[in-house]
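Take a look at the structure below.
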Amino acid sequence: MALFKDVKKPVIKAASAGGAQISPFRPRYIEKTAPCAGHCPNGTEIRELMVGIAQAEAFGRTSEQALELAWKRLTERNPFPAVCGRVCPHPCEESCNRSAKEGPVAINAVERFIGDFGLAKNLKLSKLNGATQTEKVAVVGAGPAGLSCAYQLARRGYPVTVFEGFPQPGGMLRYGIPKYRLPREVLDAEIQRILDLGVELKCDCMAGRDISLGELRQEYRAVFVGIGAQKGIKLRVPGEDAPNVFSGTDFLNVANRGETVEIGNKVIVIGGGDTAIDAARVSKRLGAEVTLLYRRTRAEMPAVASEIEGALEEGVKIEFLAAPVEIIQENGRAVRMRSIRMQLGEPDKSGRPRPVPIPGSEFETEATAIIAAISQEPDFLGFDSLHSGKDWIKTDDFGATTTEGVYAGGDDTELGLVTIAISQGRFAAEAIDARLRGIPLVKPSSPPLVSQDKIKLDWYKTALRHERAHVPVAERTPDTEIEQGLTEAEVIEEAKRCMSCGMCMDCETCWMYCSLNCFVKLPKGEHYRVKLELCNGCKKCAEACPCGYIEMI
Ligand SMILES: Cc1cc2nc3c(=O)[nH]c(=O)nc-3n(C[C@H](O)[C@H](O)[C@H](O)COP(=O)(O)OP(=O)(O)OC[C@H]3O[C@@H](n4cnc5c(N)ncnc54)[C@H](O)[C@@H]3O)c2cc1C
């Protein structure tokens, strides 16, 4: 599949040859931020990865070389491409300009392929330069935020020790997200690569209890706190103290460790986010009939749409517009839940319609276990000095807390996503490095976003999006990975669907449309030089540029 429609340079008579000016404007190449990168919390250079893969041959590279280069570029900011290629809800795709044609580029599937390629080829993360620093840094929490911070510090040559309360690293990637979404060999391999850079990992060590924040500050020149939000929030209804009422995070934690959790055959899950859907699908895999209760409608559910779809196709029943009011116990165990029907009212602080109870609409549902997965919060034991009252940890843009030398990021500052935790771990590492090296910290800035009207959709060949296959419901075992990857050929075709919004892709359109031969081709990758002295300001190049790279100034 060719990247663009075939175009031949038209023979256009130079109407204004000889110097007649059409306008005082002159073309200028101005790089813009593509919406995919602009909406990726980690600012992944998606366009560059795609164009590199799509145009491998033109750059004189094999597909393998192009993929290796893409992996190296991707892992500069994200040591978890194979993880994120599976669990990231990919806000990049929502903003992809190709959506207005035949659907967004399958960016997340391409990321997964690049990540899996790196694992299959045993590619190693590398240090930024040969520098070796002596200042020791402590990282608390081996979730994506802590491990990202540790990685960025280790590649800058710092000795890093990660303190983790659980027996194994990974945070919610291991103890929250189930194996059918994220195989543990993928997670283990991507973590091992970070440890291979020389990062020391101390598991089963609960900072704040086994070693205090004060001791860490004394022994280490900087401390990054990435303790996440591990504590499930209570329903605050009578009867929830029964032993068969679990929080979503506790239930998933036990199930993900492979330990037995007695839930019986009728489980009620309460909530509408990822934790609730994961808890419901894991309960289903343990053999229970599962009802999920959500107080708004499907349109407001915060969980990823494909996960909701997956739960429904596996037989999870969802009761929308309903909320619990009481858990009824018999002999000290929960046996039923009383709920009330809701209707949607005026928007609340989150902008979503407020669920309002309908008086007299209570109903009861039998249960052998109830899982409250409405939200979670950090356990600040030992870190109380970093937050006040109901607030979580507050930081500046670079992750610095108000305590000298202490940084934070990830879910302990606000519930977020894996990609947000990774980016915040990276920002903090960059800030720690700048402080320890005495160099100024510059807030990263990006060029403005390219606006959609600058993209000439019709110029691009029609090319349908490749969707990932799913293992049929009947063939799913508890640990079978459901979502499959794309093939290399499909990945290359997806990369070719990238429209390179806001950046030259050497399509030659400007060169072809210029009747005065202002555009001088440069070696591949360097694009063009414009001989402004020949230009008469006709604007055809800017009007024809399909990706919005040329401005008339
Ligand atoms: C069930 C579930 C499913 C999710 N699904 C997705 C998804 O599909 N996609 C997505 O992008 N996001 C998802 N998320 C959100 C995502 O997992 C989090 O945003 C992310 O893991 C936050 O990373 P973190 O490093 O800040 O915290 P965590 O991942 O929570 O890691 C914190 C780590 O710190 C450790 N720790 C805590 N206290 C201490 C202490 N005192 N001393 C030492 N160690 C400590 C914990 O044991 C843990 O390992 C999901 C969350 C849950 C709960």
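Among the residues of the range 329-362, those identified as assigned to a loop (DSSP other than H, G, I, E, B), charged (D, E, K, R) and under 31 Å from the mean Cα position of the chain (by Cα) are Asp348, Lys349, Arg352. Checked against (1) on the phi > 0 side of the Ramachandran plot; (2) in contact with a helix residue (DSSP H, G or I) (Cβ under 9 Å, 6 or more places away or on another chain), Val290 passes all but condition (1).
To keep it simple, each residue is scored yes or no on (1) outside any strand (DSSP E or B); (2) β-branched (Val, Ile, Thr).
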position: Ile22; (1), (2): yes, yes
position: Arg28; (1), (2): no, no
position: Ala37; (1), (2): yes, no
position: Asn42; (1), (2): yes, no
position: Arg47; (1), (2): yes, no
position: Met50; (1), (2): yes, no
position: Ala56; (1), (2): yes, no
position: Phe59; (1), (2): yes, no
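Which fully enclosed helices (runs of 4 or more DSSP H) of the range 161-266 have 3 or more residues being out of contact with any His (no Cβ under 8 Å at 6 or more places or on another chain) and within 9 Å of the ligand (Cβ to nearest atom)?
Values: elements: 172-175, 184-195, 213-219, 248-256.
Qualifying helices (runs of 4 or more DSSP H): 172-175, 248-256.
For the range 182-219, the set of residues classified as surrounded by fewer than 19 Cβ atoms within 10 Å (Cβ to Cβ), more than 24 Å from the chain's Cα centre (by Cα) and not acidic (Asp, Glu) consists of Gly198, Lys202, Cys203, Cys205, Met206, Arg209, Ile211, Ser212, Gly214, Arg217, Gln218, listed by residue number.
Just one of (1) within 22 Å of the chain's Cα centre (by Cα); (2) charged (D, E, K, R); (3) part of a helix (DSSP H, G or I) fails for Glu533. It is (1).
Quick one: is Ser446 open to solvent by 60 Å² or more (accessible area, probe 1.4 Å), of a type in the set (Ser, Thr, Tyr), in contact (Cβ under 8 Å) with a residue 60 or more places away in the chain and closer than 22 Å to Ala37 by Cα? Break it down stepwise before answering.
Numbers: open to solvent by 60 Å² or more (accessible area, probe 1.4 Å): yes; of a type in the set (Ser, Thr, Tyr): yes; in contact (Cβ under 8 Å) with a residue 60 or more places away in the chain: yes; closer than 22 Å to Ala37 by Cα: yes.
When the stated conditions are applied, Ser446 passes them.
Scanning the range 470-488 for residues that are open to solvent by less than 60 Å² (accessible area, probe 1.4 Å) and not β-branched (Val, Ile, Thr) yields Arg476, Glu481, Glu483, Gly485, Leu486.
Taking only the range 268-322 into account, find how many residues are among the hydroxyl-bearing types (Ser, Thr, Tyr), within 16 Å of the ligand (Cβ to nearest atom) and either outside any loop (DSSP other than H, G, I, E, B) or touching a residue at least 40 places away in the same chain (Cβ under 8 Å) (or both).
The initial filter retains those residues of the range 268-322 that are among the hydroxyl-bearing types (Ser, Thr, Tyr), namely 275, 283, 291, 294, 297, 306.
Those left that are additionally within 16 Å of the ligand (Cβ to nearest atom): 275, 283, 294, 306.
Narrowing further to those that are either outside any loop (DSSP other than H, G, I, E, B) or touching a residue at least 40 places away in the same chain (Cβ under 8 Å) (or both): 275, 283, 306.
Final tally of qualifying residues: 3.
Working only within the range 400-411, note down all residues that are touching a strand residue (DSSP E or B) at 6+ places or on another chain (Cβ under 7 Å) and farther than 16 Å from Arg426 by Cβ. Hits for the range 400-411 are Thr401, Gly405, Val406. Go through the range 69-86 and give me each residue that's open to solvent by 20 Å² or more (accessible area, probe 1.4 Å) and within 10 Å of the chain's Cα centre (by Cα). Once the filter is applied, which keeps residues that are open to solvent by 20 Å² or more (accessible area, probe 1.4 Å) and within 10 Å of the chain's Cα centre (by Cα), the range 69-86 yields only Arg86.
Kindly indicate whether any position in the range 95-102 is hydrophobic (A, V, I, L, M, F, W, C), within 16 Å of the ligand (Cβ to nearest atom) and within 29 Å of Gly273 (Cα to Cα). Walk me through it before giving the result.
Our first condition is that a residue be hydrophobic (A, V, I, L, M, F, W, C); within the range 95-102, this holds for 96, 100.
Filter once more, keeping what is within 16 Å of the ligand (Cβ to nearest atom): none.
Taking every residue of the range 95-102 in turn, none turns out to be hydrophobic (A, V, I, L, M, F, W, C), within 16 Å of the ligand (Cβ to nearest atom) and within 29 Å of Gly273 (Cα to Cα).
The residue of the range 516-553 that is least open to solvent (accessible area, probe 1.4 Å), among those that are closer than 16 Å to Val51 by Cα and charged (D, E, K, R), is Lys524. Of the residues in the range 435-447, not one is within 12 Å of the ligand (Cβ to nearest atom) and touching a Phe, Trp or Tyr at 6+ places or on another chain (Cβ under 7 Å). Restricting attention to the range 489-515, report how many residues are of a type in the set (A, V, I, L, M), farther than 27 Å from Val87 by Cβ and open to solvent by 30 Å² or more (accessible area, probe 1.4 Å). The qualifying residues number 1.
Regarding Ala429, is this residue surrounded by 14 or more Cβ atoms within 10 Å (Cβ to Cβ) and either within 16 Å of the ligand (Cβ to nearest atom) or polar (S, T, N, Q) (or both)? Before the answer, list the steps.
Working: surrounded by 14 or more Cβ atoms within 10 Å (Cβ to Cβ): yes; either within 16 Å of the ligand (Cβ to nearest atom) or polar (S, T, N, Q) (or both): yes.
Yes: the conditions hold for Ala429.
Residue-level check: of (1) aliphatic (A, V, I, L, M); (2) open to solvent by less than 20 Å² (accessible area, probe 1.4 Å); (3) under 25 Å from Glu377 (Cα atoms), Val137 misses just (3).
Sub-6 Å Cβ pairs linking a first residue in the range 375-403 that is aliphatic (A, V, I, L, M) to a second residue that is assigned to a loop (DSSP other than H, G, I, E, B) and within 13 Å of the ligand (Cβ to nearest atom), at least 6 apart or interchain, are Leu381/Gly208; Leu386/Ile393; Ile393/Thr413, ordered by first then second residue.
When Tyr151 is tested against the conditions (1) under 18 Å from the mean Cα position of the chain (by Cα); (2) open to solvent by 10 Å² or more (accessible area, probe 1.4 Å), the lone failure is (2).
Could you identify the single residue in Ile46, Ile30 that is more than 16 Å from the ligand (Cβ to nearest atom) and open to solvent by 20 Å² or more (accessible area, probe 1.4 Å)? Walk me through it before giving the result.
On the way: Ile46 fails: open to solvent by 20 Å² or more (accessible area, probe 1.4 Å).
Being more than 16 Å from the ligand (Cβ to nearest atom) and open to solvent by 20 Å² or more (accessible area, probe 1.4 Å) holds for just one of Ile46, Ile30, which is Ile30.
Residues that are free of Cβ contacts under 8 Å to residues at least 60 places away in the same chain, farther than 13 Å from Met206 by Cα and not charged (D, E, K, R) within the range 151-170 comprise Ala154, Gly157, Pro159, Val160, Thr161, Gly170, listed in sequence order. Every condition in (1) closer than 30 Å to Ser500 by Cα; (2) within 16 Å of the ligand (Cβ to nearest atom) is met by Leu123 except one, and the failing one is (2).
Which one of Thr365, Thr462, Thr419 is polar (S, T, N, Q), part of a loop (DSSP other than H, G, I, E, B) and either modelled with pLDDT of 95 or more or in contact with an Asp or Glu (Cβ under 6 Å, 6 or more places away or on another chain) (or both)? Criteria check complete, one pass: Thr462. Looking across the range 372-426, the residues that are closer than 27 Å to Gly438 by Cα, open to solvent by 30 Å² or more (accessible area, probe 1.4 Å) and among the charged types (D, E, K, R) come down to Lys394, Asp396, Asp397, Glu404. So, in the range 87-116, of the ones that are open to solvent by less than 30 Å² (accessible area, probe 1.4 Å) and of a type in the set (Gly, Ala, Ser), which residue ends up farthest from Val418 (Cα to Cα)? Once the filter is applied, the top-ranked residue is Gly103.
The values are calculated or read from the model by the stated rules, or taken from the named source; none is laboratory data. These figures come from a predicted structure and were not determined experimentally. When we count neighbours, we look across all protein chains shown, and the Cβ atoms used for this are built from the backbone with ideal geometry, even at glycine. We work out accessible area using only protein heavy atoms, side chains counted, and drop any ligands, DNA or RNA first. Shrake-Rupley method; radii C 1.70, N 1.55, O 1.52, S 1.80 Å.
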